[in-house]
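These notes concern the structure reproduced below.
The values are calculated or read from the model by the stated rules, or taken from the named source; none is laboratory data. In this text the structure is predicted, and so the values were computed from the model without any measurement. Glycine also receives a Cβ, built like all others from the backbone with ideal geometry; neighbour counts cover every protein chain displayed. Remember, those area values only see protein heavy atoms, side chains included, never the ligands or the DNA or RNA. Shrake-Rupley method; radii C 1.70, N 1.55, O 1.52, S 1.80 Å.
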Amino acid sequence: MTDLICGSIISLIFLLFFIIAEICYRKGLNVEITRKFVHFAGAFVTIIFPFIFKTHWAVLILAVLFCGVMLITKKTGTLQSVHAVERKSYGAIYHPIAIYICFVYSQFLHQPWFYVISILILAVSDAFAALVGKNYGMNEYIVEVGSKKTMEGSFTFFLTSFLITHLILLLTTTVGKVESVLVALLIAIIITIFESVSLKGADNLFIPIGTMFILSKNIQPTVEGITFQLVVLIAFLISYLVIMLPYKRIGFSGVVLLGLINYIIWTLLGNIYAATLAIFSLLCAKTDIILNYDCDEADAYRVRPIFYILTVPVACAFLGNFIGAKIIYPFITSIICEGFIIKTKFFNGNLNKGLWVTSVISLIVLGASYVFIR
């Protein structure tokens with residue numbers, strides 16, 4: 001069966017899902033249920049992509065079409081069975097982008113089951129976490145001002161992510177039993193944190209891509225190697241919570257995100273880079289050198305500003321895998337720029353503008369490092 005025929009069938013199936021969801025919504029079913037139905041049912045269709053499509057072009061066309069439909073229906077106020085949620089979310093647009101990236105990545109690695117794991121975690125774990133959190137969640141925590149999640153929902157996400165990863169690795173790959181347990185535990189911890197701090201549907205992007213990346217780094221895992229990664233990850237998280245949280249300059253969700261990002265920096269670039277970010281974080285938390293204000297509730301610095309502040313350093317970390325040691329210059333420059341922007345309140349606290357300035361300066365420094373430093 002050709003890619004064209006398969007793509008046409010997939011398109012008709014998704015059209016059917018939309019029609020069913022819209023009918024159910026108009027009959028009074030809650031939008032959260034109809035939205036999850038499309039998300040859940042669609043995932044079980046998209047997991048077969050590596051086994052039916054020979055090239056990425058068909059998946060790219062489907063992703064573009066799906067994004068187009070989501071954007072048009074959102075602008076026109078139609079397809080309320082997906083869009084009529086109270087919170088602002090771009091998850092329906094992020095989802096097809098993540099599917100395409102994971103598909104291409106899995107083709108490059110020749111690991112179709114990695115793609116299946118990534119998409120299933122997003123569909124199954126996210127759906128079960130939402131179900132448990134909304135119906136049985138008693139212990140809430142603040143992600144951002146006006147955004148809360150529950151410990152019960154997050155634990156459900158962790159447990160289902162662990163089981164999905166472990167079982168599929170065990171049944172479809174040559175990874176050993178102990179190794180698959182450890183890899184599944186590493187993925188479950190990291191992806192649960194991603195899910196717990198994601199805003200505006202960003203988990204639809206970060207969860208599958210993050211899962212794919214971790215799996216790609218552990219194609220042939222060893223017990224010693226994965227155990228060491230787990231120990232370092234847990235050490236980063238505990239250290240950040242113990243050292244930074246009592247000062248209440250950065251909220252709980254922001255501190256956890258900082259710990260995870262520092263682990264990612266360590267994984268990608270090594271000790272010097274991780275130490276640089278750790279020093280920057282400690283200066284923010286414990287002194288007035290960068291953050292010179294009092295904030296009892298730490299509402300000003302949680303997930304969103306941490307994301308803005310560290311987007312460029314994390315991007316540098318990923319680039320460092322390809323261009324080598326010269327990445328140290330834009331990496332450190334971006335951190336210094338962000339510190340200056342925060343300290344001086346250069347854009348009246350608008351970290352989004354600060355991100356663009358930091359990006360441009362870091363790119364200039366990156367170019368200069370190639371020209372003048374051999």
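Residue farthest toward the positive end of the dipole of the stretch 53-186, with Cβ of Lys/Arg at +1 and Asp/Glu at -1: which of THR150, ILE101, THR76?
THR76
In a shell of Cβ-Cβ distance under 11 Å around ASN139, excluding ASN139 itself, what net charge do Lys and Arg (+1) and Asp and Glu (-1) give?
Around ASN139, the charge tally is 0.
How about the stretch 2-39: which trypsin sites (Lys or Arg not before Pro) there are in a DSSP loop, with at most 16 other Cβ atoms within 10 Å of their Cβ?
Filter output for the stretch 2-39: LYS27.
By how many degrees, between 0 and 90 and to the nearest 10, does the Cα long axis of helix 56-76 differ from the longest principal axis of the chain?
90 degrees
Cross-link candidates for LYS353: which lysines have Cα within less than 22 Å, leaving aside residues fewer than 8 places away along the same chain?
Reachable lysines: LYS88, LYS200, LYS343, LYS345.
Tell me the label-point distance for the pair ASN139, SER216, using the 7 Å Cα-to-Cβ offset, in nm and rounded to one decimal.
Taking the two extended label points, one gets 3.5 nm.
How big is the dipole moment of the chain about its Cα centre under a simple scheme where the beta carbon of each Lys and Arg is +1, that of each Asp and Glu is -1, and everything else is neutral? Debye, nearest 20, please.
Working: 25 positive and 18 negative charges, 123 e Å.
Value, rounded to 20: 580 debye.
Using a 1.4 angstrom probe on heavy atoms only, work out the carbon and sulfur share of the accessible area of the chain in %.
71 percent
Grab the DSSP H runs of the chain that are 4 residues or longer, score each as -39,500 (n - 2.57), total them, divide by all residues and round the 222 nm result to the nearest 500 deg cm²/dmol. Mind dumping the intermediate values first?
Working: 17 runs with 281 residues, N = 374.
For the chain, the value works out to -25000 deg cm²/dmol.
Give me a comma-separated list of calculated 3J(HN,Hα) values for the stretch 265-281, in order, Karplus coefficients 6.51, -1.76, 1.60 applied at θ = phi - 60°, integers in Hz, x for any Gly or Pro.
Each residue of the stretch 265-281 in turn: 4, 4, 4, 7, 10, x, 5, 4, 5, 4, 5, 4, 5, 5, 5, 4, 5 Hz.
In nm, to one decimal, how far is the modelled label at ILE48 from the one at LYS75, with both set 7 Å along Cα→Cβ?
For ILE48 paired with LYS75, the spin-label model returns 3.3 nm.
Against the empirical 2.2 N^0.38 Å scaling, what ratio does the C-alpha Rg of the chain come to? Mind showing how you got there, number by number?
On the way: Rg = 21.4 Å, N = 374, 2.2 N^0.38 = 20.9 Å.
Ratio of Rg to 2.2 N^0.38 Å for the chain: 1.02.
Please work out the average accessible area per residue across the chain, using the 1.4 Å probe convention, and give it in Å². If you can, show how the numbers build up before the last one.
Details: 18410 Å² over 374 residues.
Accessible surface, normalised per residue, equals 49 Å².
What residue among PHE318, ILE189, LEU170 has its Cα farthest toward the positive end of the dipole of the chain, where the charges are +1 on Lys, Arg and -1 on Asp, Glu, each on the Cβ?
PHE318
Show me the ranking of peptides 39-45, 197-203 by mean Cβ neighbours inside 10 Å, starting with the highest. Walk me through the intermediate numbers first.
Details: 39-45: 17.4, 197-203: 20.3.
Highest-to-lowest ranking by the protection proxy: 197-203, 39-45.
Under the rule of at least 5 residues apart or a separate chain, name every residue whose amide H is placed under 5 Å from the amide H of VAL143.
LYS148, LYS149
So if we plug the beta-carbon distance of TRP356 and LYS177 into 1/(1 + (r/R0)^6) with R0 = 30 Å, what FRET efficiency do we get, rounded to 0.05?
Computed FRET efficiency for TRP356 and LYS177 comes out at 0.05.
Please go through the residue pairs LYS75/LYS148; LYS149/LYS248; LYS27/LYS74 and name each one whose alpha carbons sit more than 22 Å apart in this structure.
Violating the 22 Å Cα-Cα cut-off are LYS75/LYS148.
Among the lysines, select those whose C-alpha is under 21 Å from the C-alpha of LYS217, and discard any that sit fewer than 8 residues away in the same chain.
LYS177
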